[in-house]
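Visitor: Take a look at the following structure, please.
Bear in mind that the values in this text are calculations on the coordinates, not laboratory data. Bear in mind that the values here come from a model prediction, so they are computed numbers and not experimental data. All Cβ positions, glycine included, derive from the backbone under ideal geometry; neighbour counts span all protein chains shown.
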Amino acid sequence: MKNSFQFKELLVDCVEQLEEKKVLELANQALDQGMNPLALINLIIEGMNRVGKRYECKDYYIADLIMAGIIFREVLGLNKIITYSQNCYNNKSGKVLIGTVKDDIHDIGKEIFRALLETHGFEVIDLGVDVPGETFVKKAEEYQPNIIGLSGVLSSTLDQMKQVVDAFVRAGLRDKVKIIAGANYLNAHGCSYIGADGFATEASKGVEICLDWMSLSGRVGESNHD
Ligand code: B12
């Protein structure tokens, strides 16, 4: 294999160029040679960001975004990545209900958050995409989660996130759950507008916050990662 820097550049470049076969080949090669799956996922995210920029410049079209999504999913489906999540799963850290909010169908970021939560021992109930506030509330009543995780990749979905939090307030359940919002454009100001308890622009940071919340409430996670 090329040196580590060249390899990373090549992988990010292949994602940007939407070279599906080459990305999978390089990803498999990297995992076989012991690359941490999370580091690999971060490289793919870097490539996706470049695809997004090309879409903004009108150099790429919607079909290219779809292709980028397909490639990402294929990488997430590689055996070594699946095994990595499953090996650590022990269901003791707490229960998290997640979903992408109404009007948004992006779900790759949410799926990464889900995989990382499971890796850290959380039980996760995933409501999918385009989920209205009332559904979050109904499912929270049914599953009694400790934490609600809201994904909203489109910046226009900030109001939808706020509506989910408002729905919990209306149902008298706001103090029964912690709510975390996640998206790469979020900041403290956006978080306070939504009324969430916390936010993260990266899934791994979101998991840290959830673990902190659970340990503060007395349920310390027992991940297999020592
Ligand atoms: C792939 C893609 C698509 C795919 C989605 C496939 C899928 N199954 O998800 C498809 C083709 C469907 C799509 C559609 C559209 N897309 Co699109 N898409 C993208 C692209 C290229 C990558 C998104 C992605 O998966 N990134 C990788 C993941 C891992 O990153 P992420 O989602 O940000 O998640 C990370 C964090 O945000 C965080 N996170 C996410 N959720 C959560 C939740 C919690 C609780 C926590 C803690 C953390 C967390 O953790 C993740 C990892 O660290 C981006 C470009 C980009 N730069 O991201 C555009 C982008 C998001 N899309 C964009 C647009 C405009 C659209 C469309 C409106 C296009 C159109 N004209 O139809 C539609 C929207 C349809 C809809 N109603 O939702 C814009 C959004 C602009 C904006 N400011 O809102 C972007 C930024 C492209 C651009 N630069 O213009 N898209």
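Visitor: Taking amide H atoms as placed 1.01 Å from N in the peptide plane, list the residues 5 or more away in sequence, or in a different chain, whose amide H sits under 5 Å from that of residue 100.
Guide: Sorted by chain and number, the residues that satisfy this are 128, 129, 130, 131, 151.
Visitor: Using θ = phi - 60° and the Karplus curve 6.51 cos²θ - 1.76 cosθ + 1.60, what whole-Hz ³J(HN,Hα) does each residue of the range 202-212 get, with Gly and Pro shown as x?
Guide: Whole-Hz 3J(HN,Hα) from phi for the range 202-212: 9, 4, 5, 5, x, 5, 4, 4, 4, 4, 4.
Visitor: Sticking with this structure for a sec: Among rounded, prolate and oblate, which fits the chain when a ≥ b ≥ c are the square roots of the eigenvalues of its C-alpha gyration tensor, a/c under 1.5 means rounded, and a/b larger than b/c means prolate?
Guide: Taking the square roots of the gyration eigenvalues as a ≥ b ≥ c, the chain is oblate.
Visitor: Separate question: Report the extension gain between residue 19 and residue 63 in nm, rounded to one decimal, defined as 0.36 nm multiplied by the number of residues separating them, less their alpha carbon distance.
Guide: 14.5 nm
Visitor: Let me know the shape class of the range 4-85, please: from the alpha-carbon gyration tensor, a ≥ b ≥ c as square roots of the eigenvalues, rounded when a/c is under 1.5, otherwise prolate if a/b is greater than b/c, or oblate.
Guide: Prolate, because a/c is 1.5 or more and a/b exceeds b/c.
Visitor: Using the Karplus curve 6.51 cos²θ - 1.76 cosθ + 1.60 with θ = phi - 60°, what ³J(HN,Hα) values do you get for each residue of the range 6-20, in whole Hz, with x for Gly and Pro?
Guide: 4, 4, 4, 4, 4, 5, 4, 4, 5, 5, 4, 7, 6, 8, 3
Visitor: What angle do you read, to the nearest 10 degrees and between 0 and 90, between the alpha-carbon axis of helix 158-170 and the longest principal axis of the chain?
Guide: Around 30 degrees separate the two axes.
Visitor: Using the Karplus curve 6.51 cos²θ - 1.76 cosθ + 1.60 with θ = phi - 60°, work out ³J(HN,Hα) for each residue of the range 56-72 in order, rounded to whole Hz, and write x for Gly and Pro.
Guide: With coefficients 6.51, -1.76 and 1.60, one gets 4, 7, 6, 8, 10, 10, 4, 4, 6, 4, 4, 4, 4, x, 4, 4, 4 Hz.
Visitor: Then there is this: Kindly express, to the nearest 10 degrees and within the range 0 to 90, the angle between helix 79-88's C-alpha long axis and the longest C-alpha principal axis of the chain.
Guide: 30 degrees
Visitor: Give me the number: length gained by fully extending residue 169 to residue 216, i.e. 0.36 nm times residue separation minus the C-alpha to C-alpha distance, one decimal in nm.
Guide: Net length gain for the segment: 14.7 nm.
Visitor: Let me ask you something else. Quick check: net charge around residue 69, other residues with Cβ under 13 Å of its Cβ, Lys/Arg +1 and Asp/Glu -1?
Guide: Net charge in that neighbourhood comes out at -3.
Visitor: Treating the angle as unsigned and between 0 and 90°, give the value, to the nearest 10°, between the Cα long axis of helix 133-143 and the longest Cα principal axis of the chain.
Guide: So the helix axis and the longest Cα principal axis differ by about 80 degrees.
Visitor: For the range 169-214, just say rounded, prolate or oblate: build the C-alpha gyration tensor, square-root its eigenvalues into a ≥ b ≥ c, call rounded for a/c under 1.5, and beyond that prolate if a/b exceeds b/c, oblate if not.
Guide: Note, shape of the range 169-214 comes out oblate.
Visitor: Quick check on the chain: helices-only [θ] at 222 nm, where DSSP H runs of length 4 and up contribute -39,500 (n - 2.57) each and the sum goes over total residues. Nearest 500, please.
Guide: -18000 deg cm²/dmol
Visitor: Now a separate question. Give me the one-decimal nm value for the distance between modelled label points at residue 6 and residue 185, 7 Å along each residue's Cα-to-Cβ direction.
Guide: It works out to 3.9 nm between the two label points.
Visitor: Mind scanning 8/110; 102/138; 21/53; 110/139; 110/178; 22/58 and naming the pairs with a C-alpha gap bigger than 19 Å?
Guide: Listed pairs above 19 Å: 8/110; 21/53; 22/58.
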